[in-house]
1. Of His433, His231, Val183, which is farthest along the charge dipole of the chain in the positive direction, counting Lys and Arg as +1 and Asp and Glu as -1 at C-beta?
2. Go through 118-125, 402-409 and give me the packing order, highest mean Cβ count within 10 Å leading.
3. Angle, helix 264-274 long axis vs. longest principal axis of the chain, Cα atoms, 0 to 90°, nearest 10?
4. Over the alpha-carbon set of the chain, work out the extent along each principal axis and list the three values in angstrom, largest first.
5. Whole percent per 10 Å bin, from 0 to the bin with the longest distance: what is P(r) over all C-alpha pairs of region 403-490?
6. Under a Cβ-Cβ cut-off of 11 Å, what is the net charge of the residues other than Thr375 that fall near it, where Lys and Arg count +1 and Asp and Glu count -1?
7. Test of understanding: what is the full-extension gain from Arg190 to Lys73, defined as 0.36 nm times their sequence separation minus their Cα-Cα distance?
8. What is the calculated FRET efficiency for Glu319 to Lys163, with r their C-beta to C-beta distance and R₀ = 22 Å, to the nearest 0.05?
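The values are calculated or read from the model by the stated rules, or taken from the named source; none is laboratory data. The structure presented is a predicted model; accordingly, all values stated were derived computationally and were not measured. Heads up, the Cβs are rebuilt from the backbone with ideal geometry, glycines too, and the neighbour counts pull from every protein chain shown. Calculation scope for accessible area: heavy atoms of the full protein, side chains included, ligands and nucleic acids excluded. Shrake-Rupley method; radii C 1.70, N 1.55, O 1.52, S 1.80 Å.
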Amino acid sequence: MLLLTQLLITLFFALLMAHYFKLQWLRRKYPPGPTPLPIIGNLWTLGFVLHHEILMQLAKTYGNIFTVWLGHKPVVVLNGCQAVRDALISHSEELVGRPTTPTSEELTKGKGVVFSSGNNWKQQRRFVLMTLRNLGLGKKSVEVRIQEEAQSLVEFFAMQRGKSLDPAPAIIQSVANVISSVVFGHRFSRDDKEFHQLIEANDNIVNNLNSKWAMLYDIFPWLMRQLPGPHNNIFKGNAFMMEFVKKEMKSHKENGMSEEPQDVIDFYQTKISQDSQDITSSFDEHNMIRIVAELFGGGTESTTTTLRWAILYLVNQPEIQEKVQEELSAVFSESQVIQYQDRNRVPYTNAVIHEILRISNIASVGLARQAVKDTSLQGFNIEKGSLIIANLYSSLYDPDHWETPHQFNPGHFLDMEGNFIQKEAFLPFSAGHRVCLGEQLARIELFIFFTSLLRAFTFRLPEGVKNVNMDPIFGATVQPHHYQICAVPR
(Lines give C-alpha, C1' and ligand atoms only; values in the text may rest on other atoms or scores of the structure.)
Protein backbone atom coordinates (compact mmCIF):
# COMPACT_ATOMS: atom_id res chain seq x y z
CA MET A 1 0.00 0.00 0.00
CA LEU A 2 2.84 2.36 0.88
CA LEU A 3 4.54 1.58 -2.41
CA LEU A 4 1.34 2.34 -4.34
CA THR A 5 0.96 5.67 -2.55
CA GLN A 6 4.57 6.58 -3.36
CA LEU A 7 4.02 5.65 -7.01
CA LEU A 8 0.89 7.79 -7.22
CA ILE A 9 2.66 10.76 -5.63
CA THR A 10 5.60 10.34 -7.99
CA LEU A 11 3.26 10.10 -10.97
CA PHE A 12 1.39 13.21 -9.85
CA PHE A 13 4.57 15.28 -9.57
CA ALA A 14 5.83 13.90 -12.89
CA LEU A 15 2.60 15.06 -14.56
CA LEU A 16 2.94 18.46 -12.91
CA MET A 17 6.48 18.82 -14.22
CA ALA A 18 5.44 17.68 -17.69
CA HIS A 19 2.64 20.26 -17.69
CA TYR A 20 5.03 22.93 -16.43
CA PHE A 21 7.54 22.32 -19.25
CA LYS A 22 4.70 22.21 -21.80
CA LEU A 23 3.59 25.67 -20.64
CA GLN A 24 7.13 27.00 -20.96
CA TRP A 25 7.29 25.64 -24.52
CA LEU A 26 3.94 27.19 -25.46
CA ARG A 27 4.90 30.57 -23.95
CA ARG A 28 7.34 31.19 -26.77
CA LYS A 29 4.47 31.91 -29.18
CA TYR A 30 3.04 34.72 -27.05
CA PRO A 31 4.16 38.12 -25.75
CA PRO A 32 6.18 37.94 -22.50
CA GLY A 33 4.51 37.71 -19.11
CA PRO A 34 4.78 36.18 -15.65
CA THR A 35 5.77 32.51 -15.50
CA PRO A 36 2.67 30.29 -15.37
CA LEU A 37 2.38 27.46 -12.85
CA PRO A 38 0.91 24.05 -13.66
CA ILE A 39 -2.90 23.84 -13.46
CA ILE A 40 -3.50 27.39 -12.16
CA GLY A 41 -1.31 29.35 -14.59
CA ASN A 42 -1.03 32.92 -13.25
CA LEU A 43 -4.20 32.85 -11.16
CA TRP A 44 -2.23 33.24 -7.94
CA THR A 45 -0.45 36.32 -9.29
CA LEU A 46 -3.78 37.78 -10.46
CA GLY A 47 -5.54 37.10 -7.17
CA PHE A 48 -7.98 34.85 -9.06
CA VAL A 49 -9.63 37.82 -10.79
CA LEU A 50 -8.83 40.04 -13.78
CA HIS A 51 -8.33 43.25 -11.80
CA HIS A 52 -7.38 46.27 -13.93
CA GLU A 53 -4.87 47.66 -11.43
CA ILE A 54 -3.03 44.33 -11.14
CA LEU A 55 -2.83 44.19 -14.94
CA MET A 56 -1.38 47.71 -15.02
CA GLN A 57 1.23 46.71 -12.43
CA LEU A 58 2.22 43.74 -14.60
CA ALA A 59 2.49 46.09 -17.60
CA LYS A 60 5.22 48.03 -15.78
CA THR A 61 7.30 44.84 -15.75
CA TYR A 62 6.40 43.18 -19.04
CA GLY A 63 5.33 46.07 -21.28
CA ASN A 64 1.96 47.24 -22.59
CA ILE A 65 1.33 43.95 -24.38
CA PHE A 66 1.89 40.84 -22.26
CA THR A 67 0.44 37.40 -21.60
CA VAL A 68 -1.21 35.92 -18.52
CA TRP A 69 -2.39 32.33 -18.18
CA LEU A 70 -5.82 31.56 -16.76
CA GLY A 71 -5.24 27.94 -15.91
CA HIS A 72 -4.01 26.45 -19.19
CA LYS A 73 -5.44 29.29 -21.35
CA PRO A 74 -3.15 32.13 -22.45
CA VAL A 75 -4.67 35.63 -22.62
CA VAL A 76 -2.90 38.54 -24.30
CA VAL A 77 -3.45 41.73 -22.27
CA LEU A 78 -3.33 45.21 -23.82
CA ASN A 79 -2.56 48.28 -21.72
CA GLY A 80 -2.47 51.99 -22.45
CA CYS A 81 -4.45 54.11 -24.89
CA GLN A 82 -2.25 53.35 -27.91
CA ALA A 83 -2.31 49.55 -27.54
CA VAL A 84 -6.03 49.44 -26.69
CA ARG A 85 -7.07 51.68 -29.60
CA ASP A 86 -4.79 49.81 -31.99
CA ALA A 87 -6.50 46.54 -31.12
CA LEU A 88 -10.12 47.62 -30.76
CA ILE A 89 -10.26 50.08 -33.65
CA SER A 90 -7.40 49.47 -36.09
CA HIS A 91 -7.70 45.66 -35.80
CA SER A 92 -11.39 45.45 -35.00
CA GLU A 93 -12.12 43.03 -37.87
CA GLU A 94 -9.43 40.58 -36.80
CA LEU A 95 -10.36 40.68 -33.10
CA VAL A 96 -14.14 40.52 -33.43
CA GLY A 97 -14.61 37.03 -31.98
CA ARG A 98 -15.80 36.19 -28.49
CA PRO A 99 -14.29 33.19 -26.68
CA THR A 100 -16.59 30.49 -25.34
CA THR A 101 -16.24 29.78 -21.63
CA PRO A 102 -18.13 27.27 -19.46
CA THR A 103 -20.00 30.18 -17.86
CA SER A 104 -20.99 31.86 -21.13
CA GLU A 105 -21.98 28.51 -22.65
CA GLU A 106 -24.15 27.70 -19.64
CA LEU A 107 -25.81 31.13 -19.81
CA THR A 108 -26.32 31.60 -23.54
CA LYS A 109 -25.70 28.34 -25.46
CA GLY A 110 -24.05 30.57 -28.09
CA LYS A 111 -27.17 32.71 -28.55
CA GLY A 112 -27.67 36.47 -28.29
CA VAL A 113 -25.08 39.14 -29.08
CA VAL A 114 -22.79 39.65 -26.09
CA PHE A 115 -21.19 36.19 -25.97
CA SER A 116 -21.84 34.93 -29.51
CA SER A 117 -19.61 35.00 -32.59
CA GLY A 118 -19.73 34.37 -36.31
CA ASN A 119 -22.94 34.48 -38.34
CA ASN A 120 -25.20 34.45 -35.27
CA TRP A 121 -23.46 37.50 -33.83
CA LYS A 122 -23.54 39.40 -37.13
CA GLN A 123 -27.25 38.78 -37.75
CA GLN A 124 -28.35 39.46 -34.18
CA ARG A 125 -26.22 42.59 -33.84
CA ARG A 126 -27.55 44.00 -37.11
CA PHE A 127 -31.11 43.31 -35.97
CA VAL A 128 -30.63 45.01 -32.58
CA LEU A 129 -29.10 48.14 -34.09
CA MET A 130 -31.84 48.43 -36.72
CA THR A 131 -34.62 47.76 -34.20
CA LEU A 132 -33.35 50.35 -31.72
CA ARG A 133 -33.29 52.89 -34.56
CA ASN A 134 -36.82 51.93 -35.60
CA LEU A 135 -38.01 52.34 -32.02
CA GLY A 136 -36.65 55.87 -31.99
CA LEU A 137 -33.18 55.68 -30.48
CA GLY A 138 -31.67 59.09 -31.13
CA LYS A 139 -35.14 60.47 -31.91
CA LYS A 140 -37.78 62.12 -29.75
CA SER A 141 -39.81 58.97 -29.00
CA VAL A 142 -37.25 57.24 -26.76
CA GLU A 143 -36.10 60.56 -25.35
CA VAL A 144 -39.64 61.33 -24.20
CA ARG A 145 -39.73 58.01 -22.32
CA ILE A 146 -36.43 58.89 -20.62
CA GLN A 147 -37.72 62.35 -19.66
CA GLU A 148 -40.84 60.78 -18.14
CA GLU A 149 -38.83 58.31 -16.05
CA ALA A 150 -36.42 61.06 -14.98
CA GLN A 151 -39.40 63.13 -13.83
CA SER A 152 -40.76 60.10 -11.97
CA LEU A 153 -37.44 59.79 -10.15
CA VAL A 154 -37.45 63.51 -9.30
CA GLU A 155 -40.95 63.16 -7.87
CA PHE A 156 -39.91 60.15 -5.78
CA PHE A 157 -36.95 61.99 -4.28
CA ALA A 158 -39.12 65.07 -3.66
CA MET A 159 -41.53 62.95 -1.61
CA GLN A 160 -38.67 62.10 0.78
CA ARG A 161 -38.40 65.82 1.72
CA GLY A 162 -34.65 65.74 2.15
CA LYS A 163 -34.61 62.70 4.44
CA SER A 164 -31.69 60.27 4.38
CA LEU A 165 -32.09 57.41 1.88
CA ASP A 166 -30.20 54.93 -0.27
CA PRO A 167 -30.81 56.25 -3.82
CA ALA A 168 -29.96 52.96 -5.54
CA PRO A 169 -33.39 51.24 -5.51
CA ALA A 170 -35.23 54.28 -6.89
CA ILE A 171 -32.59 54.90 -9.56
CA ILE A 172 -32.50 51.31 -10.76
CA GLN A 173 -36.30 51.16 -11.01
CA SER A 174 -36.47 54.33 -13.11
CA VAL A 175 -33.64 53.30 -15.42
CA ALA A 176 -35.01 49.75 -15.74
CA ASN A 177 -38.36 51.17 -16.77
CA VAL A 178 -36.76 52.97 -19.71
CA ILE A 179 -35.37 49.78 -21.22
CA SER A 180 -38.52 47.87 -20.19
CA SER A 181 -40.62 50.15 -22.37
CA VAL A 182 -38.22 49.49 -25.25
CA VAL A 183 -38.04 45.69 -24.99
CA PHE A 184 -41.40 44.81 -23.37
CA GLY A 185 -43.50 47.75 -24.54
CA HIS A 186 -44.55 48.83 -21.06
CA ARG A 187 -43.22 50.07 -17.72
CA PHE A 188 -43.67 48.61 -14.23
CA SER A 189 -44.97 50.06 -11.00
CA ARG A 190 -42.34 50.70 -8.32
CA ASP A 191 -44.36 48.34 -6.11
CA ASP A 192 -44.48 45.46 -8.61
CA LYS A 193 -42.99 42.44 -6.79
CA GLU A 194 -42.11 40.59 -10.00
CA PHE A 195 -40.32 43.72 -11.25
CA HIS A 196 -38.26 43.69 -8.05
CA GLN A 197 -37.46 40.00 -8.62
CA LEU A 198 -36.35 40.76 -12.19
CA ILE A 199 -34.00 43.47 -10.96
CA GLU A 200 -32.67 41.17 -8.23
CA ALA A 201 -32.05 38.41 -10.79
CA ASN A 202 -30.07 40.83 -12.95
CA ASP A 203 -28.09 41.95 -9.88
CA ASN A 204 -27.21 38.32 -9.11
CA ILE A 205 -25.71 37.94 -12.57
CA VAL A 206 -23.86 41.27 -12.55
CA ASN A 207 -22.48 40.94 -9.02
CA ASN A 208 -21.02 37.47 -9.55
CA LEU A 209 -20.10 37.25 -13.23
CA ASN A 210 -16.54 38.57 -12.93
CA SER A 211 -15.87 37.20 -9.45
CA LYS A 212 -13.23 34.75 -8.26
CA TRP A 213 -15.92 32.09 -8.09
CA ALA A 214 -16.88 32.64 -11.73
CA MET A 215 -13.25 32.43 -12.81
CA LEU A 216 -12.81 29.18 -10.90
CA TYR A 217 -15.96 27.86 -12.60
CA ASP A 218 -14.46 28.65 -16.03
CA ILE A 219 -11.21 26.86 -15.19
CA PHE A 220 -12.57 23.93 -13.19
CA PRO A 221 -16.21 23.57 -14.38
CA TRP A 222 -16.32 19.83 -13.62
CA LEU A 223 -15.51 20.59 -9.97
CA MET A 224 -17.44 23.85 -9.47
CA ARG A 225 -20.68 22.32 -10.78
CA GLN A 226 -20.64 20.07 -7.72
CA LEU A 227 -19.93 22.82 -5.18
CA PRO A 228 -22.18 25.42 -3.56
CA GLY A 229 -21.15 29.04 -3.83
CA PRO A 230 -21.94 32.50 -5.27
CA HIS A 231 -21.30 31.27 -8.82
CA ASN A 232 -24.63 29.43 -8.65
CA ASN A 233 -26.41 32.77 -8.22
CA ILE A 234 -25.40 33.61 -11.80
CA PHE A 235 -27.36 30.69 -13.17
CA LYS A 236 -30.30 31.18 -10.80
CA GLY A 237 -30.59 34.81 -11.86
CA ASN A 238 -30.30 33.85 -15.50
CA ALA A 239 -33.02 31.18 -15.17
CA PHE A 240 -35.44 33.71 -13.65
CA MET A 241 -34.77 36.24 -16.41
CA MET A 242 -35.32 33.60 -19.10
CA GLU A 243 -38.66 32.61 -17.62
CA PHE A 244 -39.70 36.25 -17.24
CA VAL A 245 -38.94 36.97 -20.90
CA LYS A 246 -40.83 33.84 -21.97
CA LYS A 247 -43.92 35.10 -20.11
CA GLU A 248 -43.65 38.47 -21.84
CA MET A 249 -43.35 36.73 -25.22
CA LYS A 250 -46.42 34.62 -24.45
CA SER A 251 -48.36 37.74 -23.46
CA HIS A 252 -47.42 39.41 -26.77
CA LYS A 253 -48.66 36.40 -28.73
CA GLU A 254 -51.92 36.20 -26.80
CA ASN A 255 -52.61 39.91 -27.27
CA GLY A 256 -51.88 39.72 -30.98
CA MET A 257 -49.62 41.86 -33.14
CA SER A 258 -50.44 45.52 -33.71
CA GLU A 259 -50.14 47.00 -37.20
CA GLU A 260 -46.84 48.59 -36.25
CA PRO A 261 -44.35 46.81 -33.92
CA GLN A 262 -44.13 48.63 -30.59
CA ASP A 263 -41.14 47.00 -28.91
CA VAL A 264 -38.20 44.64 -29.41
CA ILE A 265 -40.34 41.53 -28.87
CA ASP A 266 -42.80 42.69 -31.56
CA PHE A 267 -39.98 43.31 -34.04
CA TYR A 268 -38.33 39.98 -33.27
CA GLN A 269 -41.51 37.94 -33.64
CA THR A 270 -42.09 39.63 -37.00
CA LYS A 271 -38.53 38.81 -38.05
CA ILE A 272 -38.98 35.13 -37.14
CA SER A 273 -42.09 34.96 -39.34
CA GLN A 274 -40.35 36.72 -42.23
CA ASP A 275 -37.32 34.38 -42.14
CA SER A 276 -39.20 31.13 -41.52
CA GLN A 277 -38.12 29.70 -44.89
CA ASP A 278 -34.52 30.97 -44.77
CA ILE A 279 -32.21 28.14 -43.69
CA THR A 280 -29.35 30.60 -43.12
CA SER A 281 -31.38 32.64 -40.63
CA SER A 282 -30.40 32.56 -36.95
CA PHE A 283 -33.67 34.12 -35.81
CA ASP A 284 -35.51 31.87 -33.37
CA GLU A 285 -37.10 32.08 -29.95
CA HIS A 286 -33.88 31.09 -28.15
CA ASN A 287 -32.08 34.06 -29.67
CA MET A 288 -35.05 36.32 -28.96
CA ILE A 289 -34.95 35.41 -25.26
CA ARG A 290 -31.23 36.14 -25.06
CA ILE A 291 -31.50 39.42 -26.96
CA VAL A 292 -34.30 40.73 -24.74
CA ALA A 293 -32.51 39.61 -21.56
CA GLU A 294 -29.21 41.16 -22.65
CA LEU A 295 -30.84 44.47 -23.58
CA PHE A 296 -32.71 44.62 -20.28
CA GLY A 297 -29.67 43.62 -18.21
CA GLY A 298 -27.16 45.88 -19.94
CA GLY A 299 -29.59 48.77 -20.31
CA THR A 300 -30.38 48.68 -16.61
CA GLU A 301 -26.97 48.08 -15.08
CA SER A 302 -24.68 50.52 -16.91
CA THR A 303 -26.72 53.71 -16.45
CA THR A 304 -27.81 52.83 -12.90
CA THR A 305 -24.26 52.22 -11.71
CA THR A 306 -22.93 55.37 -13.40
CA LEU A 307 -25.65 57.52 -11.80
CA ARG A 308 -24.88 56.04 -8.39
CA TRP A 309 -21.21 56.96 -8.85
CA ALA A 310 -22.26 60.40 -10.12
CA ILE A 311 -24.12 61.28 -6.91
CA LEU A 312 -21.25 59.94 -4.84
CA TYR A 313 -18.64 62.11 -6.57
CA LEU A 314 -20.82 65.23 -6.39
CA VAL A 315 -21.51 64.73 -2.67
CA ASN A 316 -17.78 64.51 -2.07
CA GLN A 317 -17.07 67.59 -4.20
CA PRO A 318 -19.90 70.08 -3.51
CA GLU A 319 -18.11 72.88 -5.37
CA ILE A 320 -18.42 70.90 -8.62
CA GLN A 321 -22.08 70.14 -7.89
CA GLU A 322 -22.72 73.85 -7.29
CA LYS A 323 -21.00 74.84 -10.53
CA VAL A 324 -23.16 72.38 -12.51
CA GLN A 325 -26.29 73.81 -10.90
CA GLU A 326 -25.23 77.36 -11.69
CA GLU A 327 -24.72 76.47 -15.36
CA LEU A 328 -28.08 74.68 -15.58
CA SER A 329 -29.87 77.63 -13.95
CA ALA A 330 -28.20 80.09 -16.30
CA VAL A 331 -29.14 78.16 -19.47
CA PHE A 332 -32.56 76.64 -18.71
CA SER A 333 -35.74 78.07 -17.23
CA GLU A 334 -37.39 76.14 -14.37
CA SER A 335 -40.16 74.78 -16.59
CA GLN A 336 -38.01 74.03 -19.64
CA VAL A 337 -37.72 70.35 -20.65
CA ILE A 338 -34.04 69.51 -21.13
CA GLN A 339 -33.23 67.51 -24.28
CA TYR A 340 -30.13 65.56 -25.21
CA GLN A 341 -29.27 68.03 -27.94
CA ASP A 342 -28.96 70.69 -25.21
CA ARG A 343 -25.69 69.12 -24.04
CA ASN A 344 -23.82 71.48 -26.36
CA ARG A 345 -25.23 74.45 -24.43
CA VAL A 346 -23.83 73.27 -21.09
CA PRO A 347 -20.16 72.35 -21.69
CA TYR A 348 -19.22 72.15 -17.99
CA THR A 349 -22.11 69.82 -17.17
CA ASN A 350 -21.24 67.70 -20.20
CA ALA A 351 -17.61 67.57 -19.05
CA VAL A 352 -18.67 66.47 -15.55
CA ILE A 353 -20.75 63.61 -16.98
CA HIS A 354 -17.84 62.46 -19.14
CA GLU A 355 -15.47 62.66 -16.19
CA ILE A 356 -17.86 60.51 -14.14
CA LEU A 357 -17.84 57.93 -16.94
CA ARG A 358 -14.04 58.07 -17.10
CA ILE A 359 -13.16 57.84 -13.45
CA SER A 360 -15.89 55.36 -12.42
CA ASN A 361 -14.73 53.03 -15.22
CA ILE A 362 -17.62 50.64 -14.69
CA ALA A 363 -16.57 48.27 -17.52
CA SER A 364 -13.13 47.75 -15.93
CA VAL A 365 -11.14 45.58 -18.38
CA GLY A 366 -14.06 44.80 -20.68
CA LEU A 367 -15.02 41.39 -22.04
CA ALA A 368 -12.42 39.17 -23.68
CA ARG A 369 -12.18 39.03 -27.46
CA GLN A 370 -10.82 36.33 -29.74
CA ALA A 371 -8.72 36.67 -32.87
CA VAL A 372 -10.63 35.31 -35.87
CA LYS A 373 -7.53 35.49 -38.08
CA ASP A 374 -3.78 35.92 -37.69
CA THR A 375 -2.75 39.51 -37.07
CA SER A 376 -0.02 41.66 -35.55
CA LEU A 377 -0.24 44.12 -32.65
CA GLN A 378 2.64 46.53 -32.22
CA GLY A 379 5.21 44.01 -33.37
CA PHE A 380 3.73 40.94 -31.67
CA ASN A 381 2.23 38.17 -33.77
CA ILE A 382 -1.25 37.22 -32.61
CA GLU A 383 -2.42 33.85 -33.90
CA LYS A 384 -5.99 33.04 -34.88
CA GLY A 385 -7.87 31.80 -31.82
CA SER A 386 -5.82 33.86 -29.33
CA LEU A 387 -7.74 35.44 -26.44
CA ILE A 388 -7.40 39.21 -25.99
CA ILE A 389 -8.19 41.45 -23.02
CA ALA A 390 -8.14 45.20 -23.66
CA ASN A 391 -7.69 46.89 -20.28
CA LEU A 392 -10.09 49.83 -20.75
CA TYR A 393 -9.04 51.20 -17.37
CA SER A 394 -5.50 51.69 -18.64
CA SER A 395 -6.78 53.98 -21.41
CA LEU A 396 -9.15 55.91 -19.16
CA TYR A 397 -6.31 56.45 -16.66
CA ASP A 398 -3.39 56.74 -19.10
CA PRO A 399 -1.10 59.50 -17.68
CA ASP A 400 -0.04 60.42 -21.22
CA HIS A 401 -3.61 61.50 -22.00
CA TRP A 402 -5.02 62.74 -18.68
CA GLU A 403 -3.51 65.54 -16.62
CA THR A 404 -4.64 64.11 -13.27
CA PRO A 405 -5.78 60.56 -14.09
CA HIS A 406 -6.58 59.54 -10.49
CA GLN A 407 -8.43 62.73 -9.54
CA PHE A 408 -11.98 63.76 -10.42
CA ASN A 409 -11.30 66.62 -12.81
CA PRO A 410 -13.91 67.89 -15.32
CA GLY A 411 -11.13 69.98 -16.84
CA HIS A 412 -9.99 66.85 -18.66
CA PHE A 413 -12.81 67.56 -21.13
CA LEU A 414 -12.55 71.36 -21.37
CA ASP A 415 -10.21 73.59 -23.35
CA MET A 416 -8.74 76.86 -22.11
CA GLU A 417 -11.91 78.75 -23.08
CA GLY A 418 -14.20 76.30 -21.27
CA ASN A 419 -15.43 74.56 -24.42
CA PHE A 420 -16.12 70.83 -24.32
CA ILE A 421 -13.52 68.65 -26.09
CA GLN A 422 -13.43 64.96 -27.03
CA LYS A 423 -10.49 62.79 -25.97
CA GLU A 424 -9.25 59.77 -27.92
CA ALA A 425 -8.41 57.88 -24.72
CA PHE A 426 -12.06 58.09 -23.61
CA LEU A 427 -13.28 54.52 -24.22
CA PRO A 428 -15.76 53.66 -21.43
CA PHE A 429 -18.04 51.82 -23.87
CA SER A 430 -15.17 49.97 -25.57
CA ALA A 431 -14.77 50.52 -29.33
CA GLY A 432 -14.82 48.89 -32.75
CA HIS A 433 -17.30 46.25 -33.89
CA ARG A 434 -17.80 45.04 -30.31
CA VAL A 435 -18.62 48.48 -28.93
CA CYS A 436 -21.51 48.53 -26.43
CA LEU A 437 -24.77 48.35 -28.38
CA GLY A 438 -26.48 50.55 -25.82
CA GLU A 439 -23.92 53.36 -25.89
CA GLN A 440 -26.22 55.94 -27.49
CA LEU A 441 -29.12 55.08 -25.18
CA ALA A 442 -26.83 55.26 -22.13
CA ARG A 443 -25.49 58.67 -23.17
CA ILE A 444 -29.01 60.10 -23.58
CA GLU A 445 -30.17 58.60 -20.28
CA LEU A 446 -27.18 59.88 -18.34
CA PHE A 447 -27.55 63.42 -19.60
CA ILE A 448 -31.30 63.68 -19.01
CA PHE A 449 -31.33 61.91 -15.62
CA PHE A 450 -28.27 63.80 -14.41
CA THR A 451 -29.49 67.26 -15.40
CA SER A 452 -33.03 66.56 -14.13
CA LEU A 453 -31.71 65.55 -10.70
CA LEU A 454 -29.18 68.37 -10.36
CA ARG A 455 -31.72 70.98 -11.39
CA ALA A 456 -34.16 69.77 -8.72
CA PHE A 457 -31.89 68.81 -5.78
CA THR A 458 -28.67 69.40 -3.95
CA PHE A 459 -27.23 66.09 -2.79
CA ARG A 460 -25.62 66.03 0.65
CA LEU A 461 -24.43 63.50 3.20
CA PRO A 462 -26.77 62.92 6.15
CA GLU A 463 -26.13 64.99 9.25
CA GLY A 464 -23.16 63.69 11.21
CA VAL A 465 -21.75 61.66 8.28
CA LYS A 466 -18.36 62.99 7.22
CA ASN A 467 -17.47 60.64 4.37
CA VAL A 468 -18.57 57.55 2.48
CA ASN A 469 -16.80 54.45 1.23
CA MET A 470 -15.38 55.19 -2.22
CA ASP A 471 -13.79 51.76 -2.68
CA PRO A 472 -15.21 49.93 -5.71
CA ILE A 473 -16.92 46.54 -5.75
CA PHE A 474 -15.86 44.35 -8.66
CA GLY A 475 -18.37 42.22 -10.56
CA ALA A 476 -19.40 42.33 -14.19
CA THR A 477 -19.30 46.10 -13.58
CA VAL A 478 -17.45 48.25 -11.06
CA GLN A 479 -20.03 49.36 -8.49
CA PRO A 480 -19.96 51.64 -5.46
CA HIS A 481 -20.93 50.41 -2.01
CA HIS A 482 -24.45 51.30 -0.95
CA TYR A 483 -24.60 54.69 0.74
CA GLN A 484 -27.06 57.14 2.29
CA ILE A 485 -27.62 60.67 0.98
CA CYS A 486 -30.13 63.49 1.35
CA ALA A 487 -31.76 64.91 -1.80
CA VAL A 488 -32.48 68.47 -0.62
CA PRO A 489 -34.97 70.33 -2.88
CA ARG A 490 -33.49 73.52 -4.34
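1. It is His231.
2. On the way: 118-125: 17.4, 402-409: 14.4.
The peptides rank, most packed first, as 118-125, 402-409.
3. 60
4. Sorted largest first, the three principal extents are 84, 57, 46 Å.
5. The calculated distribution, bin by bin, is 12, 28, 43, 16, 1.
6. Numbers: positive: Lys373, Lys384; negative: Asp86, Glu93, Glu94, Asp374, Glu383.
Charge balance in the 11 Å sphere: -3.
7. Working: separation 117, 0.36 × 117 = 42.12 nm, distance 4.46 nm.
Net length gain for the segment: 37.7 nm.
8. Values: r = 25 Å, r/R0 = 1.11.
Approximately 0.35, to the nearest 0.05.
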